[in-house]
Structures are given as structure tokens and as C-alpha cells.
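Structure, as C-alpha cells:
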Amino acid sequence: MHKNKDILRATCLATALAASFPAWPQATGADAIITTDPVVITGVAPSAPLTFTTDPKIPRQPLPASDGTDYLKTIPGFSAIRNGGTNGDPVLRGMFGSRLNILTNGTSMPGACPARMDAPSSYISPENFDKLTVIKGPQTVLWGPGASAGTIRFDRDTPRFTEPGVRFDGSLVGGSNGRNDQAADLTVGNDKVYTRITANHSHAQDYKDGDGNKVPSRWDKWNADLALGFTPDADTLYELTAGTGDGNARYAGRGMDGSQFKRESFGLRFEKRNLGGVLDKLEAQLYYNYADHVMDNYTLRKPDMTSSMPMAMAADVDRATWGGRIAGTWNLAPDLSLVTGLDFQQSRHRSRSGTDTVSYRSQSWVKDASFANTGLFGELTWHATQDSRIIGGARVDWASAKDFRRDNGSMMMPMPNPTAGERRNETLPSGFLRYERDLADLPATVYVGLGHAERFPDYWELFSPTQGPDGSINAFRGVKPEKTTQIDFGAQYKTETLDAWLSGYAGYVDDFILFDYAKSHMGGMGGMGGMHGGHGGHGGHGGHGGSTQAANIDARIAGGELGLSYQAAPRWKLGATLAYAWGQNRSDGRALPQMPPLEAKLSAAYDDGTWSAGALWRLVAAQRRYALNQGNVVGKDFGPSAGFGVFSLNGGYAVSKQVKLSLGVDNLFNKTYAEHLNLAGDAGFGFAANTAFNEPGRTFWARLSFKY
């Protein structure tokens, strides 16, 4: 009964609102194809070659997303490394970490945890943004360094008013396991100025799997952001932004929980369009993002007296990132445009530790790392003919990192750090060339592109491992930059009733950065090695015990995605997607770890403009290609995984043009299953070694949205 209380509240509220707003008229023509926005998203199709664009304010199934990773899973090719109920780490085509460039309004917000307990996507609430754009592969150079797997952008639109006005977009979510979310987006402005406030809160308790077993997974998080804009004319923008947020999350797959996810953000942005000459557009941006993350084993759980970390312990880590970007768009000819610019980013990382009796707040911060990157870029688009385009780009990045750690090793056995005070510097070129052609007779678009990206090792690859290549005491000096060369190809066929697409890729990754968990048992000690103020190791991993070694190998990758959407009748649509990723460790002749298995989604939807209903059947194959005890800074392969199928339903009612109600049940048949990309459950919660924790069982939810 308790799990349905939030649904009951949302339904009652919807009924009350229905009396206040006129009904949204149904389509009058029996054969008219309904083109309204979907009430619930179950999948996303490409909007252009290698580019996917969607509105993250529209709820998705499964249950409306709690963070950026959750929403990305609606795009074929995406999966997530799960560690609890929220804050998973996104994976695209089997690639993870800084191989994905994740931006919010053009800014970078890397997390602070040495084990990515606070992954960049954990600070993103999808409903607080207007547009999600994903570019797969190394096929753009405009948005920062190292995006060998793809670029992810969560953006807010610039409000424009012709007269004084108010706009509001809000939603309420209630569901099983105590899920309750609230989101609000308020904009007030006129043709010269605007003020926009976005805020959200998300909460859930521990969920139960299909067998009725409780899985530690509860969370509570909130965000609030303010934007002040000055628009003296239709082509000019000056904007000041500020934001903050916080939360906590309990993790079944880690030895510690996240008791604080504090965020602070500030930004300045300028944009001028239609300049009237060869230079058509100029944009500039400055930003500052700060993450202060606390992990401990006593706020959301009790310390396990039988574990290797029986005492109450806490670690506080923070990361300050500041950067900027300036870019110009040049109309060199009627069929030739060029975007050129410069971007830069700097960050520093610190830590301190404590217990339940000696607060970490009383301890001094100790700096362990700093990073810097400056990049120059240019991207050219040439409409060679009426039906064909050639797009190409190049960038060069000057990257550096400095090691401030005095010593390495565990808290009990520190050793002098041989790289203390050292700085690494690299010059890294990247580029791509793509050909696109429209085949009007079909109608279809085909494309092929070749890209190359060189990526500087990130914080987690240089500072989190306990060993570097060849058993060196740390990874800072020995881990080389990654070099990815990849071909992307595909086609999209689109008519009034049929939308079909496919995309494929194949590539080489020289010096792929691989983690080897030589003695690890996920869910053990929690990597306390770095919690005493600058010593190396897994500074507060909260999920890994033993040692990890980071080294470079050579790898091959290949795979692809395909999708189909068919308007079977004016109100009925059928859909299907398929995604597969493959990787091979060429150096050792074995599988590349942390590769998601083959996945298919089948969907059916009815929408008459007022009532809607849908079904989603997710089918995941068994994964038998794995590399035992190898992976990345978050997860490792601990064996094969079984396949599964999950069936879900959703429905919706447009109460009026302003109010919509959507309801759903995920995992209708209460299936017990676990994802392949999954941390092992922590022993402190009773999980056996190398046992993946299960996903939620049958889950009911309801969402009420209002737009004015």
C-alpha cells in the first residue's frame, strides 16, 4: 500500500486539474497522423548523421530519469555502470570516462571522487535542460578535448520575448519505493531582459528486486540554477548564471556511500549573431564549477565490523574547474562555412579525511593534482552539391598535469612518491573528415567519416591506480595518452510513415588505458589508501579493495546500432532498435573488458492527441566475452552474465494543452535480473564476493506535468 501513495496523490491532483482546464481536442480526421510530442519516450532516433537530439523534459521509460546517465540510456548504444539506485556512469559503445565529453551549457563539471562515485552525469538533472545532443564517435572538434567515443551536451535555450511575459514548466513524480520528484522551470522577461530559475528535487528509498530482496539504493538530491539575461536586440545575448545543489546516495555496490554531492556553478556568456560580414557569429564563455563530495561508511549505513574497514571513516574530496571558450562562425562562401575558436580548462583536486568522532571538517585540505588544457579548433562544412556535404575539422590540445602527492601507498604503509612535484606535458592532435549524401529518390541519407582523437589520461587514470605500467609505484609517469582512429558509417531512410536508420563503426585504439584488478574483490576495503591527505591509491573508492594497475594496451573496437519506426496506422507506431559493441585486447589476445552485451528494444505506441499508451520490451543477450578482473576505475569483469527480458507499459492523458498525466509500470512481470555492467554488491550488505546486485522489480510510477 505504501508504494502507491505517491501515485494516488498524483492521480488525485490530475483529477482536480482536469476540472480547471478545457480538454485538449482530439484529431478530427480519422486518417490524420498524430504529430504531437510523445508523452513518454522509450527511444530516440538520430536527427542527423551520428547526431541524436531530444527534449530531456519529456519523461522516459523506465521510470523518469534521476540523473544524466539515466536519460542517456534511451539512446541506442548507451548503457551504464550501475552502483545503486542513481549516479551510474554512462558508457557509449563500451567506452567510458573521459572518452565521453559531457557538457552542461557548454561547461565541464568533472567529479571529485577518485572512483567516480560522483560521475559528471550525477550532477545533471535532465529536466532542468531544454535539449540533449549526442554526437557519436570522434566526429566533431568543437566541444573540447579527447572525445574519442562521443560528445554529450545538455543545454538550456535562450528565452526570447517580444512582449512582457511569464513561462512555467513543472512536474511531479510519484512511484514505488518512495520515489517522489518535483521540478520547476520559471522564466520572466521582456524583449530586453529575462530571469530564469530552474529547480528540482528527487528522492527514493531502497528498492526491492524481483525476488523481494531489498537492495541498498536510496537517494535524495536537489539542484537550483539562476540565469539573468540581457537581450538588447534579437541577435545579441549577455547572460550571467549561478547554480548550486547537493544530495546523498546509498550504494549497494560500494564500501562507502555518498553523503554529500555539493555543487556550485557560475558562468558568463556572450553571443552575437548576424554580424553582416564574413564573420557571421561570435560567442564567448567563461565558467567556474566546484564539486565538494563526501563519502563515508556511517551516515547511510553501519560500519561492517567483519570487513577490512570496521571503523567509521569519511573522506572529503573537492575539485574546482574553471574554463572558457571563444568561437567565431565564418561564412566564407554561400556553400562554405567555418567555425574556429579556442577553449581552455584548468582544475585542481584536494582531499581530507576523518571519522565519526574526528570530523573531516576540522582537517586541512591537501592538494594532490592539477590539470590544464588549451585547445585550438576549426570545423569546416562545404555543401559540395545540392545533395552532398563534406564536413571536416582539426584541433590541437596542449595538456598538462602536476602531481602534488608527497607519498604513495596505503594509510598504514606510506612510501615516498617518486613523481612528487613532477609535471607532464603533451601536445595532442585530433581531427575528422566526413562525407554525407542525400539520395532524394529513396529518400535517404548516407555517410562515412574517418576520425582520429588523442586523449590525455584523466585524473582517475593517473591518480587512482595503486600501480602503473610494469608494476611502477604509481601511474602518473608511465600511462601514455590514448590514440583512437575510427571509421563511422551509416544511412537513414525517412518517409511519412517509415523512419529506418543504421550506424556502424570500427577502429583501433593505440595505448588504450586498461585497469587490472590483480587482487581486488569489489566491495571490500573501499580503497582507503588516499584518504589521509594526499597519499596515492584509491582515495576513497568506496567499492574496490586490493590493488589496481593501470597500463596501456592496443585494442580494436567495432559495432553499431540500427533502428526502425513505422507508423502502422494514423494513431499507431511500432519501433525497434538494436545495439552491439565489440572490443578486443590485441596486446593480450583477449576480450576488452566492460563491454555491454547485445541489446534490442521493441516498442508499440498509441497516441490520438489526448490519450496515449505504449509498451516497451527490452531484450538483453548473455555476455560471454569478458576479461576477468580487468576493467576501468569504476568496474571490472567478474565473469559472464545471463541474458534477460523486461516488459514495461505506459499510458498518458492530455488533460489540456497545459497539463499532461503519464503513468507506467516498469518490469511488469517482476523479473529478477542484473546488468552485465554492474558493480558487485558490497559484503557489508551481505552480498557474496563478485555477486552482482539485482535491478528493481515491478515498479509503478506516475508523472504530472504542467506548462504555461
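What are the pairs with Cβ atoms under 7 angstrom where one residue, in region 398-419, is closer than 24 Å to Gln346 by Cα and among the β-branched types (Val, Ile, Thr) and the other, located anywhere, is modelled with pLDDT of 95 or more and surrounded by 18 or more Cβ atoms within 10 Å (Cβ to Cβ)? Sequence gap at least six, or different chains. Once the first residue is closer than 24 Å to Gln346 by Cα and among the β-branched types (Val, Ile, Thr) and sits in region 398-419, its partners that are modelled with pLDDT of 95 or more and surrounded by 18 or more Cβ atoms within 10 Å (Cβ to Cβ) give Thr419/Asp403; Thr419/Phe476.
All conditions but one from (1) buried (at least 19 other Cβ atoms within 10 Å of the Cβ); (2) free of Cβ contacts under 8 Å to residues at least 60 places away in the same chain apply to Tyr459; the one that does not is (2). Condition first: assigned to a strand (DSSP E or B) and of a type in the set (Gly, Ala, Ser). Now tell me which residues in region 290-330 satisfy that. Passing the criteria: Ala291, Ala314, Ala315, Ala320, Gly323, Gly324, Ala327, Gly328. Counting residues in region 135-149 that are β-branched (Val, Ile, Thr), without any contact (Cβ under 8 Å) to a residue 40 or more places away in the chain, surrounded by fewer than 23 Cβ atoms within 10 Å (Cβ to Cβ) and out of contact with any Pro (no Cβ under 9 Å at 6 or more places or on another chain) gives zero. Residues in region 254-286 that are outside any strand (DSSP E or B), modelled with pLDDT of 95 or more and among the charged types (D, E, K, R): Arg273 only.
Here is a yes/no grid of residues against (1) more than 27 Å from Ala683 (Cα to Cα); (2) hydrophobic (A, V, I, L, M, F, W, C):
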{"residue": "Met305", "(1), (2)": "no, yes"}
{"residue": "Ala320", "(1), (2)": "yes, yes"}
{"residue": "Asp335", "(1), (2)": "yes, no"}
{"residue": "Leu338", "(1), (2)": "yes, yes"}
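Against the criterion of being at pLDDT below 95, more than 23 Å from the chain's Cα centre (by Cα) and part of a loop (DSSP other than H, G, I, E, B), Asn690 qualifies.
You will find that of Lys136, Lys131, the residue that is over 30 Å from Thr236 (Cα atoms) and among the basic types (Lys, Arg) is Lys136 and no other.
How many residues, within region 80-106, are under 13 Å from Ser121 (Cβ atoms), outside any loop (DSSP other than H, G, I, E, B) and either in contact with a Lys or Arg (Cβ under 7 Å, 6 or more places away or on another chain) or among the hydrophobic types (A, V, I, L, M, F, W, C) (or both)? Count: 10. Residues of region 603-622 that are in a loop (DSSP other than H, G, I, E, B) and either under 26 Å from the mean Cα position of the chain (by Cα) or surrounded by fewer than 17 Cβ atoms within 10 Å (Cβ to Cβ) (or both): Asp608, Gly609, Ala621, Ala622. When Asp470 is tested against (1) on the phi > 0 side of the Ramachandran plot; (2) at pLDDT 95 or above; (3) not small (Gly, Ala, Ser), only condition (2) is not met.
Yes or no, residue by residue, for (1) modelled with pLDDT under 95; (2) surrounded by fewer than 24 Cβ atoms within 10 Å (Cβ to Cβ):
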{"position": "Lys480", "(1), (2)": "no, yes"}
{"position": "Lys483", "(1), (2)": "no, yes"}
{"position": "Ala491", "(1), (2)": "no, yes"}
{"position": "Trp501", "(1), (2)": "no, yes"}
{"position": "Asp510", "(1), (2)": "no, yes"}
{"position": "Ala518", "(1), (2)": "yes, yes"}
{"position": "Met522", "(1), (2)": "yes, no"}
{"position": "Gly526", "(1), (2)": "yes, no"}
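Checking Pro110, Pro126, Pro114 one by one, the residue that is over 18 Å from Gly324 (Cα atoms) and within 12 Å of the chain's Cα centre (by Cα) is Pro126 and no other. In this structure, Arg153 does not satisfy being among the basic types (Lys, Arg), closer than 27 Å to Ala579 by Cβ and in a loop (DSSP other than H, G, I, E, B). If we keep just the residues of region 263-288 that are small (Gly, Ala, Ser) and touching a residue at least 40 places away in the same chain (Cβ under 8 Å), which is farthest from Thr340 (Cα to Cα)? In this case the residue turns out to be Ser265. For region 623-659, a residue qualifies if it is in contact with a Leu (Cβ under 9 Å, 6 or more places away or on another chain), outside any strand (DSSP E or B) and either free of Cβ contacts under 8 Å to residues at least 12 places away in the same chain or not polar (S, T, N, Q) (or both), and the qualifying residues are Arg625, Ala627, Val634, Gly635, Phe638, Gly639, Gly643, Val655.
The values are calculated or read from the model by the stated rules, or taken from the named source; none is laboratory data. Note that this is a predicted model, so its numbers are computed, not measured. Here Cβ is always computed from backbone atoms with ideal geometry, including for glycine, and neighbour counts include all displayed protein chains.
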